[in-house]
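The values are calculated or read from the model by the stated rules, or taken from the named source; none is laboratory data. All values reported here derive from a predicted model rather than from experimental measurement. Cβ coordinates were reconstructed from backbone atoms using ideal geometry, including for glycine residues, and neighbour counts include every protein chain displayed. Just so you know, the surface numbers come from the protein's heavy atoms only, side chains and all, with ligands and any DNA or RNA stripped out. Shrake-Rupley method; radii C 1.70, N 1.55, O 1.52, S 1.80 Å.
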Amino acid sequence: MAIQPLAYRMRPKSLDDIVGQTHLVGKDKIIYRMVKAKQLSSMILYGPPGIGKTSIASAIAGSTKYAFRMLNAVTNNKKDLEIVAAEAKMSGTVILLLDEVHRLDKPKQDFLLPHLESGQIILIGATTSNPYIAINPAIRSRTQIFELKPLSVADIELTMERALADSERGLGTYDVVLDSDAKTHLATASNGDVRSALNALELAVISSEPDDEGKIQVTLEVAEECLQRKSLAHDKDGDAHYDVLSAFQKSVRGSDVNAALHYMGRLIEAGDLVSISRRLLVMAYEDVGLANPQAATHTLSAIQTAEKIGFPEARIPLANAVIELCLSPKSNSAISAIDAALADIRAGKSGEVPDHLRDGHYSGAKELGRALDYKYPHSYENAWVDQQYLPDRLLKAKYYEPKLTSKYEQTIAGVYEKINNNKSE
């Protein structure tokens, strides 16, 4: 039989054994109080991988002595749920940890709902996706939602120390010397993912030869080799992905070059050129906009270059684009203008197209009065003539409000003002 990984073996048996997540399982906190009062309710635990969702579920079961079963919403079928329900009917209550609960399909959901209502199955759903977005309202309304946080460096170091000292479930039967810099690297580079840190530690221990004194020395070099490069708490469909993209755009909008480079670096490490490219183009038009129109052209050129050369060199043109966008003057006048126009349209404020602007290129248009009084601007001085363009209902509407943050927009704002002043009332 295969030996379970260290992170699996070291799962806590009770709430008192849990490291971190004190805002939920600390003394007198919500989950602690639920277990102490024996008033458990179904819940959703969400957060990045490896931060204790399964551990909390296991600890709740251990603290309450209820039967504990683990299923996956994708790989396990309805028959597996029926077996859990039958066990719950016989024993009274079963705690069901359902991983990837956001992937629960409708037949499985419909089967589960009455068992959740009766309390025979206490569901602990685990997900890396924001449940307010990804989970069906029928499940969400029957559960309490708790967000877990990445573990601190101190939390992960404490967990590794426990694993090294535990002879029954951990690595206590080995005589291990964990160098301080190796310990710090495992705790830091794992980015809050204790599962990654523990499994890297175990690999470092069992793959190293003892020295002449029987000691296993885990150095920084060994730790780096066993941990490899940590994949970020970031997957392209998960909640963290959108958090990083949001922080990326807000950093550019706020002209913080260093923060913007940091968040783009995280996207680069995840190899997500598609998201970077799309977001850069959005920012070039949404946040820089008319304050520096050339930035959009430069951004597109950088993206095209990045796509041709690929990573790791793609980081260079992308960095050029980010720095220019960050340090360009900002104007959201274009997006504000179109959103204001759309708001009127969606509110039913549209009206008829004026007759002189209507299409006159068909038989019978003249008889209908279409395009008869249209004035061709190019026939007038400066290619402009005063005539009505907006529908009657919107004659006074003004959507574009210039932002005077750059010379370019100051120039077009002057043209805009001159046109408005020359219009007849």
Practice prompt. Hey, could you check the range 324-382 for residues that are in contact (Cβ under 8 Å) with a residue 12 or more places away in the chain and of a type in the set (Ser, Thr, Tyr) and say which is farthest from Thr405 (Cα to Cα)?
Written response: Tyr374
Worksheet item: Going by the conditions given, is Ser379 of a type in the set (Ser, Thr, Tyr) and surrounded by 11 or more Cβ atoms within 10 Å (Cβ to Cβ)?
Response: no
Discussion item. Looking only at the range 88-112, filter to residues that are farther than 22 Å from Ser129 by Cβ and open to solvent by less than 50 Å² (accessible area, probe 1.4 Å); which one of those is modelled with the lowest pLDDT?
Written reply: Gly92
Discussion item. Can you tell me which of (1) assigned to a loop (DSSP other than H, G, I, E, B); (2) without any contact (Cβ under 8 Å) to a residue 24 or more places away in the chain; (3) more than 47 Å from the chain's Cα centre (by Cα) is the one Ser424 doesn't meet?
Written reply: (2)
Worksheet item: Do you know which residues across the range 308-336 are out of contact with any helix residue (DSSP H, G or I) (no Cβ under 9 Å at 6 or more places or on another chain), open to solvent by less than 70 Å² (accessible area, probe 1.4 Å) and more than 22 Å from Ser255 (Cβ to Cβ)?
Response: none
Fill in: Total residues in the range 1-48, condition part of a helix (DSSP H, G or I), open to solvent by 60 Å² or more (accessible area, probe 1.4 Å) and of a type outside the set (D, E, K, R)
4
Discussion item. On the basis of being more than 26 Å from the chain's Cα centre (by Cα) and free of Cβ contacts under 8 Å to residues at least 24 places away in the same chain, does Glu82 make the cut?
Written reply: no
Worksheet entry | Hits in the range 55-74 - residues which are open to solvent by less than 50 Å² (accessible area, probe 1.4 Å) and under 19 Å from Ile139 (Cα atoms) | Ala57, Leu71, Asn72, Ala73
Practice prompt. Report whether or not Ser251 is at pLDDT below 95 and either open to solvent by 30 Å² or more (accessible area, probe 1.4 Å) or in a helix (DSSP H, G or I) (or both).
Written response: no
Worksheet item: So which pairs qualify, if the first residue must be in the range 291-314 and closer than 15 Å to Asp272 by Cα, the second must be not in a helix (DSSP H, G or I), the Cβ gap must be under 8 Å, and the two must be at least 6 apart or on different chains?
Response: Ala306/Ala314; Glu307/Ala314; Phe311/Gly271
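Pick out the one residue from Lys308, Lys330 that is at pLDDT 95 or above, on the phi < 0 side of the Ramachandran plot and of a type in the set (Lys, Arg).
Details: Lys308 fails: at pLDDT 95 or above.
Exactly one residue qualifies, and that residue is Lys330.
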Practice prompt. Tell me which residues, restricted to the range 156-168, are farther than 16 Å from Ala200 by Cα and of a type in the set (D, E, K, R).
Written response: Asp166, Glu168
Practice prompt. Could you tell me which residue of the range 395-422 is farthest from Ala347 (Cα to Cα), considering only residues that are surrounded by 12 or more Cβ atoms within 10 Å (Cβ to Cβ) and touching an Asp or Glu at 6+ places or on another chain (Cβ under 7 Å)?
Written response: Lys403
Item to complete: Specify the residue that is least open to solvent (accessible area, probe 1.4 Å); the eligible residues are those in the range 276-307 that are of a type in the set (Ser, Thr, Tyr) and more than 12 Å from Leu318 (Cα to Cα).
Response: Thr297
